[in-house]
1. Just the Cα atoms of region 39-92: what Rg and Dmax do they give in Å?
2. Between Arg69 and Gln88, how many nm apart are label points set 7 Å from Cα along the C-beta direction?
3. Keeping the other protein chains in place, figure out the carbon and sulfur percent of the accessible area of region 45-92, with a 1.4 Å probe.
4. Multiply the residue separation of Lys35 and Val47 by 0.36 nm, subtract the distance between their alpha-carbon atoms, and state the gained length in nm to one decimal.
Amino acid sequence: MKATVGLLLLLLTVYCCAAGPQGLHEMSPGQCCFKFFTGRIPPKKIVSVIKTHSACLEKAFVIGTATGRRICVSQSVTWAQDAFKQKQIGDE
């Protein structure tokens, strides 16, 4: 049993660290969104935009605000797509 747990931890570590550049803008598989904000967040209040992991059922962005809130927004929302692109440009 200890060997199985050890192997699983090793595999998770390798998967985590081999994620490549998209790992900077994508969350881990355990963090998915299930409820979505339908309003609009003013761009000046957005401090970060991260994609949820591709294994999540619903594609979403997790938007971090200046007040420390983390808000889920569907990836189909145009203003959220624009915010994500803007933050990627700012990180380069």
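1. When restricted to Cα atoms, region 39-92 yields Rg and Dmax of 10.5, 30 Å.
2. 2.6
3. Working: 1470 of 2970 Å².
Summing carbon and sulfur atoms, their accessible area is 49 percent of the total for region 45-92.
4. Numbers: separation 12, 0.36 × 12 = 4.32 nm, distance 2.05 nm.
Result: 2.3 nm gained on full extension.
The values are calculated or read from the model by the stated rules, or taken from the named source; none is laboratory data. Being a predicted model, the structure only gives us computed values, none of them experimental. When we count neighbours, we look across all protein chains shown, and the Cβ atoms used for this are built from the backbone with ideal geometry, even at glycine. Ligands, DNA and RNA are excluded from the accessible area calculation, which covers all protein heavy atoms including side chains. Shrake-Rupley method; radii C 1.70, N 1.55, O 1.52, S 1.80 Å.
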